[in-house]
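Some notes on the structure that comes next.
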Amino acid sequence: MSVFDLISSRRSIRKFKADPIPKESLLRIFQAGILAPSGNNRQTWKFYVVQGDKRAEMVERLNEGLANRVKDGEDVAGAKHSFDVMAQAPVTVFIFRPNRTKPWLAGSQCQHFSDVVDVQSVGACIQNMLLMAEEMGIGSLWICDVFSAYQEISDWLGESTEMIAAVSFGIADEHPAARKRKSIDEVVHWL
Ligand SMILES: Cc1cc2nc3c(=O)[nH]c(=O)nc-3n(C[C@H](O)[C@H](O)[C@H](O)COP(=O)(O)O)c2cc1C
């Protein structure tokens, strides 16, 4: 499959089969992730893999996060849907940025730019993993709703650096149509 075909065929998957994902497949996905370009080759990523029995503990912490956000008066409908997907997926990977402690707020413009660089790098890493998974017939969902359980998940993992996202992987049990994209004319400005 050409890279363009692979990119075109990928979808966000929100319904997974229960089949576990073999460790070799996950290793290949991580290998693709860590081959991503990164600002100054800093490779600011760190992964926690949740599968098997650990999923129940994760779901407990996600639900605890939702309950706490409801107490804070937040609307958690979207996050609840994402957490339901995570509960069903055989594998979820949490991605942290180990060179920043949480909660991180840039103290200067210079730090902010450095943060922007590093977060872009993590995004490239995640996209590589999604595409690698797609090539192997493994579906994925990139999840930032996980911020609704940011503290609860960080405490559970014992991780004090900045969480960037989670990604769930599994064999797709749905075949969603392509989501609409803006046209090239809308987003590209030729000078
Ligand atoms: C940074 C980022 C965060 C996302 N967070 C979520 C999320 O929390 N929950 C969810 O269901 N989808 C999430 N998505 C998936 C998007 O909704 C999806 O990529 C978009 O609707 C386009 O659909 P497609 O991936 O099938 O092309 C996220 C995607 C990105 C890139």
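What follows is calculated from the coordinates using simple rules that are stated; it is not laboratory data. Because the structure is predicted, anything quoted here is derived from the model rather than measured. Neighbour counts are summed over all protein chains in view; Cβ atoms, including those assigned to glycine, are modelled from backbone coordinates with ideal geometry.
For the range 47-87, the C-alpha radius of gyration divided by 2.2 N^0.38 Å, with N the number of residues, is 1.23. Sorting the segments 120-132, 22-34, 172-184 by their mean number of nearby beta carbons within 10 angstrom, highest to lowest, gives 120-132, 22-34, 172-184.
Listed by chain and number, the aspartates and glutamates placed with their C-alpha closer than 15 angstrom to that of Lys102 are Asp115, Asp118, Glu152, Asp155, Glu159, Glu162; residues fewer than eight positions away on the same chain are left out.
Hey, which lysines would be in cross-link range of Lys17, C-alpha to C-alpha under 23 Å, not counting anything within fewer than 8 residues on its own chain? Cross-link targets: Lys54, Lys80.
With Cα atoms as the point set, the range 35-121 shows a radius of gyration and Dmax of 16.1, 43 Å.
Take the alpha carbon gyration tensor of the chain, find the square roots of its eigenvalues, order them as a ≥ b ≥ c, and report rounded if a/c is under 1.5; if not, report prolate when a/b exceeds b/c, else oblate. It is rounded, given that a/c, with a ≥ b ≥ c, falls under 1.5.
Of the beta bridges in the range 11-174, as assigned by DSSP with both residues counted there, near 95 percent are antiparallel.
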